[in-house]
1. Can you work out the accessible area per residue across the chain, with the rest of the protein chains kept in place, probe 1.4 Å, in square angstrom?
2. What angle, in degrees between 0 and 90 and rounded to the nearest 10, separates the Cα long axis of helix 84-94 from the longest principal axis of the Cα atoms of the chain?
3. How much length would be gained if the chain were fully extended between Ile413 and Thr6, taking 0.36 nm per residue of separation minus their Cα-Cα distance, in nm to one decimal?
4. So what's the back-of-envelope 222 nm ellipticity for the chain, counting only DSSP H runs of four-plus at -39500 (n - 2.57) apiece and dividing by all residues, rounded to 500?
5. Hey, what angle do you get for helix 302-316 against the long axis of the chain, alpha-carbon based, 0 to 90 degrees rounded to 10?
6. Work out from phi, with θ = phi - 60° and the Karplus expression 6.51 cos²θ - 1.76 cosθ + 1.60, the ³J(HN,Hα) of each residue of the stretch 370-383, listed in order in whole Hz, and give x for Gly and Pro.
7. Would you mind telling me the antiparallel percentage of the DSSP bridges in the chain, rounded to 5?
8. Assuming a ≥ b ≥ c are the square roots of the Cα gyration tensor eigenvalues, decide whether the chain counts as rounded (a/c under 1.5), prolate (otherwise, with a/b larger than b/c) or oblate.
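The values are calculated or read from the model by the stated rules, or taken from the named source; none is laboratory data. The structure presented is a predicted model; accordingly, all values stated were derived computationally and were not measured. Glycine also receives a Cβ, built like all others from the backbone with ideal geometry; neighbour counts cover every protein chain displayed. The protein model used for the area step is the full one, side chains on, heavy atoms only, and it has no ligands, DNA or RNA in it. Shrake-Rupley method; radii C 1.70, N 1.55, O 1.52, S 1.80 Å.
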Amino acid sequence: MAEIETEPVITIGLNTGETDYDYSMAELDALCEANALAVVETVTQNLNRPVAATYFGSGKVDELATIVLDTGATMVVANDELTPSQIRNLEAVVKVPVMDRTGLILAIFSNRAQSREAKLQVELASLQYQMPRLHTAASQRLDQQTGTSAGGGFTNRGAGEGQRELNRRVLQRQINHIRHELKDVNKAAETKRQQRERVQLPNVALIGYTNAGKSTIMNALIKRFGVNEDKQVMVKNMLFATLDTSVRQLQFDDAKKLLLSDTVGFVSKLPTTLVEAFKSTLYEAANADLLVQVVDYSSDNRDDMMTTTMDTLHEIGVPDLPMVTVFNKADLTETDYPFRTGDDLIISANDEASINLLVDVIKEKVFKDYVTATFLVPFDKGDVVSYLNDHASVLATEYEATGTLIKAEVTTIDFHRFSDYLVEDRDSANN
Ligand SMILES: Nc1nc2c(ncn2[C@@H]2O[C@H](COP(=O)(O)OP(=O)(O)OP(=O)(O)O)[C@@H](O)[C@H]2O)c(=O)[nH]1
Ligand SMILES: [Mg+2]
């Protein structure tokens, strides 16, 4: 692998006594790593709440300045979102740019964004974040990393009010412009969605914390059951590998079909500007018939991760939908798998028996209202035959003197819709 040049940075965190402090600091390390920043030292202060002007107390800030000098760190990264004045005041003492967790996450998202929609959403979120932080050194860093060009940074610190006002106006114009473009992109996405919705297949969405294995599970399912598009999605051992929702059609051995979507992963303290930006990306999740929450079972912090996932979903406005929880990566633990209790599964994405169990559970949930029925469709109703071929699990087709005899598993809605052609009472529900 090519050597990526890393930059030495110092992370700082406020320990307010919350249980997940160590974990969130470890995660900050991972976020730094994902941004080619090497953490050379971590400075912690135990305080109930941040100091309004400087985040840390003044003694600690001086200590931090000395550590920056000693280590040659080129940046300080805070575990929380800082106010614009906290960033400015800290930078004045430590003499290197100060970035906060939000800025870091934005930079990663910006590097990862592939589709036009994701790029615009991230840029919008970055600009909104920068707006009040125009005159910090870190803002210039973010400019460079996200490719936005609002200016700011040390170069503009001495700038007069007129220049500042100009910068603000340039930024606001950019924001308006992106909003406009996003509307166009959303319109196109909306058309695609409508096309998919016309197909009226059940929607299943994989959701959960970043790096839990959503895309790996998606690929395992596509490989076995993918229809038309058997294109794999990207899997990587890094935070936020997936930023765009991918939707694929699956067809099982009994001809039942559904749409499966892979969505962006979550992380604790996900910036609100990004949550807002990704609402449309998570449309599939919000409109799913079933959510499959994927959890890294091998992580000690899986409970925190699940809480964060559910909180973020609520923040985005995803309603309480039927959900199964998939505890993945069981191969890295001592637990036996695959294993099911109720709506909880313990699996490994790389294990065939695990994928079979997952498919059984998904089918049980999604197709529970299906009934088996036999229809005799007159030959002049070709559209009904093609509808059933597209939407139902056709078990048998025969041609009789008066029409096509089709035995199929259909939704209760379709059962009533085509009741005119029914030749047999509904049997028991499927499975
Ligand atoms: N050992 C093991 N590794 C797994 C398993 N499932 C996924 N992984 C690995 O975990 C890493 C993350 O997997 P992804 O599928 O990219 O995770 P994701 O949930 O899509 O992550 P984001 O796209 O960042 O939200 C990859 O290195 C996978 O190979 C599993 O069951 N066992
Ligand atoms: Mg992924």
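1. Value for the chain: 47 Å² per residue.
2. Around 50 degrees separate the two axes.
3. Details: separation 407, 0.36 × 407 = 146.52 nm, distance 5.82 nm.
Between Ile413 and Thr6, full extension yields 140.7 nm more.
4. Working: 14 runs with 182 residues, N = 431.
Helix contribution divided over all residues of the chain: -13500 deg cm²/dmol.
5. Helix 302-316 and the main axis of the chain meet at about 80 degrees.
6. Each residue's phi maps through the Karplus curve to give 7, 10, 9, 8, 10, 10, 10, 9, x, 4, 7, 10, x, 5 Hz.
7. Values: 28 of 63 bridges.
Antiparallel bridges: around 45 percent, rounded to the nearest 5.
8. Values: a/c = 3.21, a/b = 2.06, b/c = 1.56.
The shape class here is prolate.
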